[in-house]
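The values are calculated or read from the model by the stated rules, or taken from the named source; none is laboratory data. This one's a predicted model, so the numbers in the text were calculated from it and none came from an experiment. Every residue, glycine among them, receives a Cβ derived from its backbone with ideal geometry; neighbour counts consider all protein chains shown. With ligands, DNA and RNA removed, areas are computed over all heavy atoms of the protein, side chains included. Shrake-Rupley method; radii C 1.70, N 1.55, O 1.52, S 1.80 Å.
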Number of protein chains: 2
Amino acid sequence: MSFQTVSETQCFGGMQGYYSHVSVTLGCEMRFSVFTPPQAKNGKVPVLWYLSGLTCTEDNATVKAGFQRIASELGLMIICPDTSPRGDDVPDDEGYDFGKGAGFYVNATEEPWAKNFQMYSYITKELPALIANEFAADMNRQGITGHSMGGHGALTIWLKNRDTYKSISAFAPIVSPMNCPWGEKALTGYIGENREGWAEYDACALLEKHGASDTEILIDQGLVDNFLEGQLKPELFKEACEKTGQKLNLRMQEGYDHSYFFIASFVEDHLWHHAAALRT
Amino acid sequence: MSFQTVSETQCFGGMQGYYSHVSVTLGCEMRFSVFTPPQAKNGKVPVLWYLSGLTCTEDNATVKAGFQRIASELGLMIICPDTSPRGDDVPDDEGYDFGKGAGFYVNATEEPWAKNFQMYSYITKELPALIANEFAADMNRQGITGHSMGGHGALTIWLKNRDTYKSISAFAPIVSPMNCPWGEKALTGYIGENREGWAEYDACALLEKHGASDTEILIDQGLVDNFLEGQLKPELFKEACEKTGQKLNLRMQEGYDHSYFFIASFVEDHLWHHAAALRT
(Lines give C-alpha, C1' and ligand atoms only; values in the text may rest on other atoms or scores of the structure.)
Protein backbone atom coordinates (compact mmCIF):
# COMPACT_ATOMS: atom_id res chain seq x y z
CA MET A 1 0.00 0.00 0.00
CA SER A 2 2.99 2.30 -0.14
CA PHE A 3 2.98 5.30 -2.45
CA GLN A 4 5.30 8.16 -3.34
CA THR A 5 4.65 11.86 -3.56
CA VAL A 6 5.63 13.20 -6.97
CA SER A 7 4.73 16.79 -6.14
CA GLU A 8 2.43 18.78 -3.89
CA THR A 9 1.48 22.33 -4.78
CA GLN A 10 -0.79 24.69 -2.93
CA CYS A 11 -3.79 25.76 -4.98
CA PHE A 12 -6.85 27.76 -3.87
CA GLY A 13 -5.90 27.10 -0.26
CA GLY A 14 -5.87 23.33 -0.78
CA MET A 15 -3.17 20.98 -1.97
CA GLN A 16 -2.85 19.66 -5.52
CA GLY A 17 -0.77 16.51 -5.30
CA TYR A 18 0.62 14.04 -7.80
CA TYR A 19 1.45 10.58 -6.49
CA SER A 20 2.77 7.25 -7.78
CA HIS A 21 2.47 3.69 -6.55
CA VAL A 22 3.04 0.13 -7.74
CA SER A 23 -0.34 -1.32 -8.64
CA VAL A 24 -0.70 -5.03 -7.92
CA THR A 25 -3.91 -5.13 -9.96
CA LEU A 26 -2.32 -3.64 -13.07
CA GLY A 27 1.19 -5.00 -12.63
CA CYS A 28 2.89 -1.65 -13.18
CA GLU A 29 3.65 1.69 -11.62
CA MET A 30 0.75 4.14 -11.79
CA ARG A 31 0.29 7.82 -11.16
CA PHE A 32 -2.76 9.67 -9.90
CA SER A 33 -3.57 13.16 -8.70
CA VAL A 34 -5.47 14.21 -5.59
CA PHE A 35 -6.77 17.67 -4.80
CA THR A 36 -7.19 17.90 -1.03
CA PRO A 37 -9.39 20.86 -0.06
CA PRO A 38 -8.57 23.01 2.97
CA GLN A 39 -11.52 21.52 4.87
CA ALA A 40 -9.56 18.26 5.15
CA LYS A 41 -7.50 19.86 7.91
CA ASN A 42 -10.57 19.47 10.12
CA GLY A 43 -11.53 15.91 9.22
CA LYS A 44 -12.40 13.61 6.37
CA VAL A 45 -14.04 15.14 3.32
CA PRO A 46 -16.24 13.71 0.57
CA VAL A 47 -14.56 12.40 -2.55
CA LEU A 48 -15.24 12.94 -6.24
CA TRP A 49 -13.59 10.60 -8.72
CA TYR A 50 -12.84 12.14 -12.12
CA LEU A 51 -12.19 9.60 -14.90
CA SER A 52 -10.49 10.99 -18.00
CA GLY A 53 -10.93 10.22 -21.68
CA LEU A 54 -8.88 8.65 -24.45
CA THR A 55 -5.18 9.62 -24.63
CA CYS A 56 -5.31 11.36 -21.24
CA THR A 57 -3.33 10.78 -18.07
CA GLU A 58 -3.98 11.95 -14.52
CA ASP A 59 -2.54 15.30 -15.55
CA ASN A 60 -4.97 16.62 -18.19
CA ALA A 61 -7.99 17.35 -16.06
CA THR A 62 -5.82 18.37 -13.14
CA VAL A 63 -4.29 21.26 -15.07
CA LYS A 64 -7.07 22.05 -17.56
CA ALA A 65 -10.49 21.46 -15.99
CA GLY A 66 -10.21 24.19 -13.36
CA PHE A 67 -11.96 22.21 -10.63
CA GLN A 68 -9.73 23.29 -7.74
CA ARG A 69 -11.46 26.64 -7.12
CA ILE A 70 -14.92 25.22 -6.54
CA ALA A 71 -13.64 22.01 -4.90
CA SER A 72 -11.89 24.25 -2.38
CA GLU A 73 -15.11 26.15 -1.74
CA LEU A 74 -17.24 23.03 -1.42
CA GLY A 75 -14.72 20.92 0.47
CA LEU A 76 -14.50 18.14 -2.09
CA MET A 77 -11.47 15.91 -2.60
CA ILE A 78 -10.94 15.32 -6.34
CA ILE A 79 -9.10 12.21 -7.51
CA CYS A 80 -7.89 11.87 -11.10
CA PRO A 81 -6.53 8.39 -11.93
CA ASP A 82 -4.64 7.56 -15.11
CA THR A 83 -6.60 5.96 -17.98
CA SER A 84 -4.67 2.71 -18.45
CA PRO A 85 -1.73 0.68 -17.19
CA ARG A 86 1.64 2.20 -18.17
CA GLY A 87 5.25 1.27 -18.72
CA ASP A 88 7.51 -0.54 -21.14
CA ASP A 89 6.31 -3.96 -19.98
CA VAL A 90 2.65 -3.19 -20.72
CA PRO A 91 1.36 -4.18 -24.19
CA ASP A 92 0.19 -1.39 -26.46
CA ASP A 93 -1.56 -0.78 -29.75
CA GLU A 94 -0.83 1.67 -32.55
CA GLY A 95 -4.26 3.30 -32.27
CA TYR A 96 -4.90 6.19 -29.89
CA ASP A 97 -8.16 4.46 -28.95
CA PHE A 98 -6.85 1.11 -27.77
CA GLY A 99 -4.09 -0.03 -25.42
CA LYS A 100 -2.23 2.57 -23.38
CA GLY A 101 -4.30 5.68 -22.70
CA ALA A 102 -7.44 3.72 -23.56
CA GLY A 103 -8.14 1.25 -20.75
CA PHE A 104 -11.91 1.81 -21.04
CA TYR A 105 -12.35 1.00 -17.33
CA VAL A 106 -12.89 -2.71 -18.04
CA ASN A 107 -11.26 -5.91 -16.81
CA ALA A 108 -9.75 -7.45 -19.94
CA THR A 109 -10.13 -11.19 -20.49
CA GLU A 110 -8.34 -11.46 -23.82
CA GLU A 111 -4.60 -11.84 -24.34
CA PRO A 112 -2.22 -10.06 -24.32
CA TRP A 113 -4.32 -7.50 -22.41
CA ALA A 114 -5.68 -9.54 -19.49
CA LYS A 115 -2.51 -9.37 -17.39
CA ASN A 116 -2.42 -5.56 -17.10
CA PHE A 117 -5.67 -4.07 -18.36
CA GLN A 118 -7.77 -4.48 -15.20
CA MET A 119 -8.82 -0.85 -14.88
CA TYR A 120 -12.28 -1.68 -13.51
CA SER A 121 -10.80 -3.43 -10.49
CA TYR A 122 -8.08 -0.81 -10.12
CA ILE A 123 -10.55 2.09 -10.03
CA THR A 124 -13.15 0.39 -7.85
CA LYS A 125 -10.92 -1.55 -5.43
CA GLU A 126 -7.16 -1.00 -5.32
CA LEU A 127 -6.99 2.77 -5.67
CA PRO A 128 -9.92 3.43 -3.28
CA ALA A 129 -8.21 1.25 -0.67
CA LEU A 130 -5.04 3.33 -0.97
CA ILE A 131 -7.03 6.58 -0.81
CA ALA A 132 -8.96 5.41 2.24
CA ASN A 133 -5.73 4.54 4.05
CA GLU A 134 -3.58 7.49 3.10
CA PHE A 135 -5.82 10.54 2.54
CA ALA A 136 -8.45 12.40 4.55
CA ALA A 137 -11.22 10.87 2.45
CA ASP A 138 -14.66 10.00 3.76
CA MET A 139 -15.26 6.84 1.74
CA ASN A 140 -18.92 6.81 2.79
CA ARG A 141 -19.38 9.94 0.69
CA GLN A 142 -18.03 9.23 -2.80
CA GLY A 143 -19.26 10.49 -6.14
CA ILE A 144 -17.99 9.79 -9.64
CA THR A 145 -17.77 11.73 -12.90
CA GLY A 146 -15.76 11.60 -16.10
CA HIS A 147 -15.32 12.77 -19.67
CA SER A 148 -15.92 10.82 -22.88
CA MET A 149 -14.37 7.37 -22.27
CA GLY A 150 -14.20 8.47 -18.63
CA GLY A 151 -17.90 9.37 -18.73
CA HIS A 152 -18.51 5.80 -19.85
CA GLY A 153 -16.34 4.66 -16.96
CA ALA A 154 -18.22 6.82 -14.46
CA LEU A 155 -21.67 5.70 -15.63
CA THR A 156 -20.86 1.99 -15.75
CA ILE A 157 -18.96 1.96 -12.45
CA TRP A 158 -21.80 3.85 -10.76
CA LEU A 159 -24.44 1.53 -12.21
CA LYS A 160 -22.65 -1.51 -10.78
CA ASN A 161 -21.79 0.11 -7.43
CA ARG A 162 -24.62 2.43 -6.49
CA ASP A 163 -24.13 1.78 -2.80
CA THR A 164 -20.54 3.02 -3.04
CA TYR A 165 -20.94 6.07 -5.28
CA LYS A 166 -23.74 8.31 -4.04
CA SER A 167 -23.63 10.81 -6.93
CA ILE A 168 -23.02 10.61 -10.66
CA SER A 169 -22.43 12.96 -13.58
CA ALA A 170 -20.61 12.93 -16.90
CA PHE A 171 -19.23 15.23 -19.59
CA ALA A 172 -19.90 14.05 -23.16
CA PRO A 173 -19.88 10.36 -22.16
CA ILE A 174 -19.75 7.31 -24.38
CA VAL A 175 -23.10 5.90 -23.24
CA SER A 176 -23.18 2.69 -25.26
CA PRO A 177 -19.81 1.23 -26.27
CA MET A 178 -21.71 -1.74 -27.75
CA ASN A 179 -23.03 0.70 -30.34
CA CYS A 180 -20.13 2.90 -31.39
CA PRO A 181 -16.79 2.34 -33.17
CA TRP A 182 -14.60 3.28 -30.17
CA GLY A 183 -16.48 0.86 -27.94
CA GLU A 184 -16.71 -1.97 -30.46
CA LYS A 185 -12.96 -1.84 -31.01
CA ALA A 186 -12.16 -1.74 -27.30
CA LEU A 187 -14.63 -4.41 -26.18
CA THR A 188 -13.65 -6.75 -29.01
CA GLY A 189 -10.02 -6.37 -28.06
CA TYR A 190 -10.30 -6.51 -24.28
CA ILE A 191 -13.36 -8.78 -23.79
CA GLY A 192 -13.48 -10.76 -27.03
CA GLU A 193 -15.84 -11.34 -29.92
CA ASN A 194 -18.67 -12.66 -27.76
CA ARG A 195 -20.96 -9.69 -27.27
CA GLU A 196 -22.65 -11.20 -24.24
CA GLY A 197 -19.78 -10.10 -22.05
CA TRP A 198 -19.95 -6.54 -23.40
CA ALA A 199 -23.22 -5.67 -21.68
CA GLU A 200 -21.40 -5.54 -18.34
CA TYR A 201 -19.59 -2.44 -19.64
CA ASP A 202 -22.43 -0.67 -21.44
CA ALA A 203 -24.28 2.06 -19.50
CA CYS A 204 -27.50 1.62 -21.48
CA ALA A 205 -27.53 -2.15 -21.01
CA LEU A 206 -26.59 -1.87 -17.32
CA LEU A 207 -29.36 0.63 -16.65
CA GLU A 208 -31.92 -1.70 -18.21
CA LYS A 209 -30.50 -4.61 -16.20
CA HIS A 210 -30.34 -2.88 -12.81
CA GLY A 211 -33.27 -0.49 -13.19
CA ALA A 212 -33.66 3.10 -12.05
CA SER A 213 -32.37 4.60 -8.82
CA ASP A 214 -33.46 7.74 -7.00
CA THR A 215 -30.16 9.47 -7.85
CA GLU A 216 -30.42 12.05 -10.64
CA ILE A 217 -27.75 11.79 -13.32
CA LEU A 218 -26.30 15.06 -14.67
CA ILE A 219 -24.84 14.94 -18.19
CA ASP A 220 -23.52 17.87 -20.23
CA GLN A 221 -23.03 17.37 -23.94
CA GLY A 222 -21.77 19.96 -26.43
CA LEU A 223 -23.76 20.32 -29.62
CA VAL A 224 -20.73 20.95 -31.85
CA ASP A 225 -18.82 18.00 -30.38
CA ASN A 226 -17.21 16.19 -33.34
CA PHE A 227 -17.94 12.83 -31.72
CA LEU A 228 -21.59 13.47 -30.88
CA GLU A 229 -23.28 11.54 -33.66
CA GLY A 230 -20.73 8.84 -34.41
CA GLN A 231 -19.53 7.85 -30.95
CA LEU A 232 -21.39 9.43 -28.03
CA LYS A 233 -25.09 9.12 -28.96
CA PRO A 234 -26.64 10.53 -25.78
CA GLU A 235 -30.09 9.81 -27.21
CA LEU A 236 -29.51 6.10 -26.53
CA PHE A 237 -29.02 6.79 -22.83
CA LYS A 238 -31.96 9.19 -22.76
CA GLU A 239 -34.15 6.42 -24.17
CA ALA A 240 -32.86 3.93 -21.60
CA CYS A 241 -33.58 6.42 -18.81
CA GLU A 242 -37.10 7.04 -20.09
CA LYS A 243 -37.71 3.32 -20.42
CA THR A 244 -36.58 2.57 -16.88
CA GLY A 245 -37.81 5.73 -15.19
CA GLN A 246 -34.27 6.89 -14.32
CA LYS A 247 -33.97 10.60 -13.55
CA LEU A 248 -31.63 12.28 -16.03
CA ASN A 249 -30.68 15.93 -16.46
CA LEU A 250 -29.21 15.86 -19.97
CA ARG A 251 -28.10 19.34 -20.98
CA MET A 252 -27.31 19.82 -24.67
CA GLN A 253 -24.96 22.82 -24.70
CA GLU A 254 -25.12 24.96 -27.82
CA GLY A 255 -21.76 25.87 -29.35
CA TYR A 256 -19.59 23.65 -27.14
CA ASP A 257 -17.20 20.97 -28.39
CA HIS A 258 -15.41 17.98 -26.80
CA SER A 259 -12.47 19.91 -25.29
CA TYR A 260 -11.36 20.87 -21.81
CA PHE A 261 -12.65 24.39 -22.56
CA PHE A 262 -16.10 22.74 -22.56
CA ILE A 263 -15.39 20.83 -19.34
CA ALA A 264 -14.02 23.93 -17.61
CA SER A 265 -17.15 25.87 -18.58
CA PHE A 266 -19.45 23.46 -16.71
CA VAL A 267 -17.28 21.82 -14.05
CA GLU A 268 -18.68 24.14 -11.37
CA ASP A 269 -22.23 22.87 -12.00
CA HIS A 270 -21.02 19.29 -11.71
CA LEU A 271 -19.23 19.87 -8.44
CA TRP A 272 -22.32 21.53 -6.99
CA HIS A 273 -24.38 18.57 -8.21
CA HIS A 274 -22.09 16.13 -6.38
CA ALA A 275 -21.70 18.28 -3.28
CA ALA A 276 -25.48 18.49 -2.89
CA ALA A 277 -25.82 14.72 -3.09
CA LEU A 278 -22.87 14.15 -0.77
CA ARG A 279 -24.27 16.74 1.68
CA THR A 280 -21.18 18.86 2.07
CA MET B 1 -1.90 42.44 -41.48
CA SER B 2 -3.39 39.09 -42.46
CA PHE B 3 -3.71 36.32 -39.91
CA GLN B 4 -5.01 32.75 -39.77
CA THR B 5 -7.35 31.09 -37.32
CA VAL B 6 -5.76 27.98 -35.84
CA SER B 7 -8.80 27.09 -33.74
CA GLU B 8 -11.78 28.71 -32.05
CA THR B 9 -13.50 26.99 -29.14
CA GLN B 10 -16.44 28.20 -27.12
CA CYS B 11 -15.61 28.61 -23.44
CA PHE B 12 -17.75 30.17 -20.68
CA GLY B 13 -19.98 31.72 -23.33
CA GLY B 14 -17.04 33.47 -25.02
CA MET B 15 -14.61 32.29 -27.67
CA GLN B 16 -11.10 30.99 -26.97
CA GLY B 17 -9.16 31.40 -30.19
CA TYR B 18 -5.67 30.52 -31.34
CA TYR B 19 -4.28 32.47 -34.28
CA SER B 20 -1.11 32.71 -36.36
CA HIS B 21 0.42 35.45 -38.47
CA VAL B 22 3.67 36.38 -40.16
CA SER B 23 5.38 38.97 -38.00
CA VAL B 24 7.36 41.59 -39.92
CA THR B 25 8.97 42.76 -36.68
CA LEU B 26 10.23 39.31 -35.71
CA GLY B 27 10.78 37.89 -39.17
CA CYS B 28 8.90 34.69 -38.50
CA GLU B 29 5.48 33.15 -38.09
CA MET B 30 3.98 33.72 -34.63
CA ARG B 31 1.03 32.38 -32.72
CA PHE B 32 -1.10 34.08 -30.10
CA SER B 33 -4.35 33.36 -28.29
CA VAL B 34 -7.32 35.65 -27.76
CA PHE B 35 -10.24 35.06 -25.41
CA THR B 36 -13.15 37.12 -26.68
CA PRO B 37 -15.84 37.52 -24.01
CA PRO B 38 -19.54 37.35 -24.91
CA GLN B 39 -19.89 41.11 -24.31
CA ALA B 40 -17.92 41.67 -27.55
CA LYS B 41 -21.07 40.82 -29.50
CA ASN B 42 -22.38 44.21 -28.42
CA GLY B 43 -19.30 46.32 -29.11
CA LYS B 44 -15.64 46.71 -28.33
CA VAL B 45 -14.41 45.45 -24.98
CA PRO B 46 -11.36 46.31 -22.83
CA VAL B 47 -8.21 44.31 -23.34
CA LEU B 48 -5.86 42.62 -20.89
CA TRP B 49 -2.45 41.50 -22.18
CA TYR B 50 -1.01 38.45 -20.43
CA LEU B 51 2.74 37.95 -20.94
CA SER B 52 4.06 34.49 -20.10
CA GLY B 53 7.29 33.33 -18.51
CA LEU B 54 10.37 31.38 -19.56
CA THR B 55 9.79 28.27 -21.74
CA CYS B 56 6.12 29.15 -22.28
CA THR B 57 4.16 29.73 -25.47
CA GLU B 58 0.76 31.34 -25.99
CA ASP B 59 -0.77 28.04 -24.88
CA ASN B 60 0.31 27.64 -21.24
CA ALA B 61 -1.71 30.38 -19.60
CA THR B 62 -4.58 29.83 -22.01
CA VAL B 63 -5.13 26.27 -20.80
CA LYS B 64 -3.80 26.47 -17.24
CA ALA B 65 -4.50 29.90 -15.72
CA GLY B 66 -8.28 29.57 -15.74
CA PHE B 67 -8.92 33.20 -16.67
CA GLN B 68 -11.84 32.58 -19.05
CA ARG B 69 -14.54 32.27 -16.38
CA ILE B 70 -13.95 35.64 -14.81
CA ALA B 71 -13.01 37.33 -18.11
CA SER B 72 -16.40 36.22 -19.41
CA GLU B 73 -18.12 37.70 -16.36
CA LEU B 74 -16.20 40.97 -16.51
CA GLY B 75 -16.21 41.38 -20.29
CA LEU B 76 -12.43 41.41 -20.69
CA MET B 77 -10.59 40.30 -23.81
CA ILE B 78 -7.45 38.37 -22.82
CA ILE B 79 -4.51 38.20 -25.23
CA CYS B 80 -1.65 35.74 -24.69
CA PRO B 81 1.30 36.27 -27.05
CA ASP B 82 4.18 33.83 -27.44
CA THR B 83 7.40 34.56 -25.51
CA SER B 84 9.92 34.76 -28.36
CA PRO B 85 10.33 34.50 -32.13
CA ARG B 86 9.98 30.93 -33.41
CA GLY B 87 10.94 28.70 -36.29
CA ASP B 88 13.94 26.92 -37.78
CA ASP B 89 15.41 30.16 -39.14
CA VAL B 90 15.50 31.83 -35.71
CA PRO B 91 18.72 31.48 -33.69
CA ASP B 92 18.52 29.63 -30.41
CA ASP B 93 20.56 28.82 -27.33
CA GLU B 94 20.94 25.59 -25.37
CA GLY B 95 19.68 27.17 -22.15
CA TYR B 96 15.98 27.26 -21.30
CA ASP B 97 16.49 30.85 -20.17
CA PHE B 98 17.90 32.38 -23.37
CA GLY B 99 16.88 32.31 -27.03
CA LYS B 100 13.60 30.69 -28.01
CA GLY B 101 11.03 30.78 -25.24
CA ALA B 102 13.04 33.51 -23.51
CA GLY B 103 12.66 36.72 -25.50
CA PHE B 104 12.52 38.82 -22.31
CA TYR B 105 10.35 41.43 -24.05
CA VAL B 106 13.39 43.43 -25.21
CA ASN B 107 14.63 44.67 -28.58
CA ALA B 108 17.95 42.90 -29.05
CA THR B 109 20.89 44.88 -30.42
CA GLU B 110 23.52 42.13 -30.38
CA GLU B 111 24.10 39.54 -33.11
CA PRO B 112 22.84 36.99 -33.96
CA TRP B 113 19.73 38.01 -31.98
CA ALA B 114 18.98 41.49 -33.31
CA LYS B 115 17.28 40.34 -36.51
CA ASN B 116 14.49 38.38 -34.79
CA PHE B 117 14.46 39.11 -31.07
CA GLN B 118 12.44 42.34 -31.16
CA MET B 119 9.77 41.28 -28.70
CA TYR B 120 9.37 44.76 -27.18
CA SER B 121 8.29 46.22 -30.51
CA TYR B 122 6.22 43.17 -31.36
CA ILE B 123 4.23 43.32 -28.12
CA THR B 124 3.82 47.10 -28.04
CA LYS B 125 3.32 47.86 -31.75
CA GLU B 126 2.80 45.08 -34.30
CA LEU B 127 0.50 42.77 -32.37
CA PRO B 128 -1.67 45.60 -30.95
CA ALA B 129 -2.14 46.93 -34.48
CA LEU B 130 -3.36 43.54 -35.63
CA ILE B 131 -5.66 43.21 -32.60
CA ALA B 132 -7.08 46.69 -33.15
CA ASN B 133 -7.87 45.89 -36.78
CA GLU B 134 -9.21 42.38 -36.46
CA PHE B 135 -10.81 41.98 -33.01
CA ALA B 136 -13.53 43.76 -31.03
CA ALA B 137 -10.90 45.40 -28.83
CA ASP B 138 -11.24 48.86 -27.31
CA MET B 139 -7.59 49.94 -27.54
CA ASN B 140 -8.30 52.95 -25.34
CA ARG B 141 -8.86 50.51 -22.47
CA GLN B 142 -5.82 48.24 -22.26
CA GLY B 143 -4.19 46.69 -19.22
CA ILE B 144 -1.19 44.42 -18.94
CA THR B 145 -0.09 41.59 -16.66
CA GLY B 146 2.32 38.68 -16.75
CA HIS B 147 4.15 35.95 -14.88
CA SER B 148 7.85 35.77 -13.98
CA MET B 149 9.72 36.88 -17.15
CA GLY B 150 6.29 38.03 -18.35
CA GLY B 151 5.81 39.98 -15.13
CA HIS B 152 9.05 41.76 -15.98
CA GLY B 153 7.66 42.36 -19.45
CA ALA B 154 4.39 43.74 -18.10
CA LEU B 155 6.05 46.06 -15.59
CA THR B 156 8.64 47.46 -18.01
CA ILE B 157 6.21 47.85 -20.89
CA TRP B 158 3.73 49.61 -18.61
CA LEU B 159 6.41 51.90 -17.18
CA LYS B 160 7.38 53.05 -20.68
CA ASN B 161 3.81 53.30 -22.01
CA ARG B 162 1.58 54.43 -19.18
CA ASP B 163 -0.70 56.33 -21.54
CA THR B 164 -1.41 53.12 -23.43
CA TYR B 165 -1.82 50.63 -20.58
CA LYS B 166 -4.21 51.93 -17.94
CA SER B 167 -3.78 49.07 -15.47
CA ILE B 168 -0.90 46.87 -14.35
CA SER B 169 -0.37 43.74 -12.30
CA ALA B 170 2.07 40.83 -12.17
CA PHE B 171 2.49 37.33 -10.80
CA ALA B 172 5.92 36.59 -9.30
CA PRO B 173 7.68 39.04 -11.64
CA ILE B 174 11.38 39.48 -12.27
CA VAL B 175 11.54 43.06 -11.01
CA SER B 176 15.19 43.82 -11.66
CA PRO B 177 16.88 41.82 -14.43
CA MET B 178 19.99 43.95 -13.87
CA ASN B 179 20.30 42.24 -10.49
CA CYS B 180 19.53 38.55 -11.05
CA PRO B 181 21.16 35.70 -12.99
CA TRP B 182 18.29 35.24 -15.48
CA GLY B 183 18.31 38.93 -16.32
CA GLU B 184 22.08 39.33 -16.44
CA LYS B 185 22.35 36.45 -18.90
CA ALA B 186 19.54 37.72 -21.10
CA LEU B 187 20.55 41.38 -21.12
CA THR B 188 24.22 40.56 -21.75
CA GLY B 189 23.21 38.38 -24.69
CA TYR B 190 20.53 40.56 -26.23
CA ILE B 191 21.73 44.08 -25.33
CA GLY B 192 25.46 43.62 -24.80
CA GLU B 193 28.02 44.03 -22.06
CA ASN B 194 27.37 47.76 -21.63
CA ARG B 195 25.03 47.96 -18.65
CA GLU B 196 23.83 51.46 -19.55
CA GLY B 197 21.42 50.01 -22.09
CA TRP B 198 20.04 47.56 -19.54
CA ALA B 199 18.22 50.14 -17.47
CA GLU B 200 15.64 50.55 -20.23
CA TYR B 201 14.48 47.00 -19.42
CA ASP B 202 14.64 47.06 -15.64
CA ALA B 203 11.41 47.82 -13.78
CA CYS B 204 13.20 49.23 -10.74
CA ALA B 205 15.41 51.51 -12.83
CA LEU B 206 12.49 52.60 -15.03
CA LEU B 207 10.34 53.47 -12.02
CA GLU B 208 13.10 55.66 -10.62
CA LYS B 209 13.57 57.27 -14.04
CA HIS B 210 9.90 57.97 -14.81
CA GLY B 211 8.60 58.45 -11.27
CA ALA B 212 5.35 57.38 -9.68
CA SER B 213 1.92 57.35 -11.34
CA ASP B 214 -1.52 57.30 -9.74
CA THR B 215 -2.12 53.73 -10.92
CA GLU B 216 -1.81 51.11 -8.19
CA ILE B 217 0.31 48.08 -9.08
CA LEU B 218 -0.92 44.68 -7.89
CA ILE B 219 1.73 41.98 -7.44
CA ASP B 220 1.22 38.48 -6.02
CA GLN B 221 4.30 36.54 -4.96
CA GLY B 222 4.34 33.04 -3.48
CA LEU B 223 6.48 32.58 -0.39
CA VAL B 224 7.66 29.06 -1.30
CA ASP B 225 8.54 30.09 -4.86
CA ASN B 226 11.93 28.48 -5.62
CA PHE B 227 13.02 31.60 -7.51
CA LEU B 228 12.00 34.14 -4.88
CA GLU B 229 15.39 34.91 -3.36
CA GLY B 230 17.74 34.26 -6.26
CA GLN B 231 15.84 35.73 -9.20
CA LEU B 232 12.65 37.61 -8.34
CA LYS B 233 13.60 39.80 -5.36
CA PRO B 234 10.33 41.71 -4.94
CA GLU B 235 11.92 43.70 -2.11
CA LEU B 236 13.92 45.65 -4.71
CA PHE B 237 10.73 46.81 -6.39
CA LYS B 238 9.09 47.54 -3.04
CA GLU B 239 12.04 49.80 -2.20
CA ALA B 240 11.80 51.57 -5.56
CA CYS B 241 8.07 52.14 -5.02
CA GLU B 242 8.65 53.51 -1.53
CA LYS B 243 11.42 55.76 -2.81
CA THR B 244 9.30 57.19 -5.63
CA GLY B 245 5.91 57.17 -3.88
CA GLN B 246 4.46 54.62 -6.29
CA LYS B 247 1.36 52.82 -4.99
CA LEU B 248 2.05 49.09 -4.75
CA ASN B 249 -0.13 46.28 -3.43
CA LEU B 250 2.48 43.53 -2.98
CA ARG B 251 0.85 40.41 -1.57
CA MET B 252 3.23 37.75 -0.25
CA GLN B 253 1.19 34.55 -0.45
CA GLU B 254 2.04 31.94 2.15
CA GLY B 255 2.50 28.39 0.83
CA TYR B 256 2.35 29.23 -2.88
CA ASP B 257 5.04 28.41 -5.43
CA HIS B 258 5.88 29.61 -8.98
CA SER B 259 3.41 27.36 -10.85
CA TYR B 260 0.18 27.85 -12.76
CA PHE B 261 -1.62 26.46 -9.69
CA PHE B 262 -0.45 29.67 -7.99
CA ILE B 263 -1.55 31.83 -10.91
CA ALA B 264 -4.95 30.13 -11.14
CA SER B 265 -5.50 30.72 -7.42
CA PHE B 266 -5.20 34.51 -7.79
CA VAL B 267 -6.09 35.27 -11.41
CA GLU B 268 -9.61 36.32 -10.42
CA ASP B 269 -8.23 39.07 -8.15
CA HIS B 270 -6.03 40.32 -10.98
CA LEU B 271 -8.88 40.46 -13.49
CA TRP B 272 -11.01 42.41 -11.02
CA HIS B 273 -8.08 44.76 -10.46
CA HIS B 274 -7.80 45.44 -14.19
CA ALA B 275 -11.55 45.60 -14.79
CA ALA B 276 -11.93 48.22 -12.07
CA ALA B 277 -9.23 50.39 -13.63
CA LEU B 278 -10.59 49.88 -17.14
CA ARG B 279 -14.11 50.69 -15.90
CA THR B 280 -15.90 47.64 -17.26
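Below 13 angstrom from the Cβ of B:Trp198, what's the summed charge of the other residues (Lys, Arg +1; Asp, Glu -1)? Surrounding charge for B:Trp198 is -3.
Could you name the lysines whose alpha carbon sits less than 26 Å from that of A:Lys238, not counting residues in the same chain fewer than 8 places away? Output for A:Lys238: A:Lys160, A:Lys166, A:Lys185, A:Lys209, A:Lys247.
In the stretch A:249-280, burial by the other protein chains removes 40 Å² or more of 1.4 Å probe accessible surface, compared with the chain on its own, from A:Tyr256, A:Phe261, A:Ser265. Normalised by 2.2 N^0.38 Å, where N is the number of residues, the C-alpha radius of gyration of the stretch B:195-280 stands at 1.19. Per the Debye formula on identical point scatterers at the alpha carbon atoms of the protein assembly as shown, with no solvent, log10 I(q)/I(0) at q = 0.07 Å⁻¹ is -0.45. Return the calculated 222 nm mean residue ellipticity for chain A, to the nearest 500 deg cm²/dmol, obtained by summing -39500 (n - 2.57) across DSSP H runs with n ≥ 4 and dividing by the residue count. Value at 222 nm, helices only: -8500 deg cm²/dmol. For the pair B:Thr5 and B:Thr55 in one chain, pulling the backbone fully straight at 0.36 nm per residue adds 15.7 nm over the alpha carbon distance. For B:Asp163 and B:Lys115, a Förster radius of 35 Å and the Cβ-Cβ distance give a FRET efficiency of 0.75, rounded to the nearest 0.05.
Take the accessible area of chain A alone and of chain B alone, subtract that of the pair, and you get about 1700 Å² summed over both chains, using a 1.4 Å probe. Quick test of the membrane-span-like rule: which DSSP H helices of chain B reach at least 20 Å along their long axis (C-alpha atoms) with mean Kyte hydropathy at least -1.0? Helices meeting the span and hydropathy rule in chain B are B:260-277. Expressed as a rounded percentage, what relative contact order does the stretch A:152-280 have, with Cα pairs under 8 Å and six or more residues apart? 29 percent. Pairs of Lys residues in the stretch B:1-140, spaced 8 or more positions apart or belonging to different chains, with C-alpha separations under 29 angstrom: 9 in total. Electrostatic bookkeeping for B:Pro112 treats Lys and Arg as +1 and Asp and Glu as -1; over the other residues with beta carbon under 12 Å from its beta carbon, the sum is -4. Extents of the stretch B:126-211, largest first, come to 42, 25, 22 Å (Cα atoms, principal axes, whole angstrom).
Computed over the stretch B:1-94, the P(r) tail beyond 16 angstrom holds 57 percent of alpha carbon pairs. Once the C-beta distance of B:Asn42 and A:Val22 is scaled by a Förster radius of 45 Å, the resulting FRET efficiency is 0.20 to the nearest 0.05.
Give me the percent relative contact order of chain B, please, defined on Cα pairs under 8 angstrom at least 6 residues apart. Averaging sequence separation for qualifying contacts and normalising by length gives 17 percent for chain B. Each semi-axis of the equivalent ellipsoid for chain A is √(5λ) with λ an eigenvalue of the Cα gyration tensor; in descending order they amount to 26, 23, 17 Å. Relative contact order of the stretch A:158-233: 47 percent, from C-alpha pairs under 8 Å at least 6 residues apart in sequence.
Over all other residues within a Cβ to Cβ distance under 14 Å of B:Ala240, the charged ones net out to 0, with Lys and Arg as +1 and Asp and Glu as -1.
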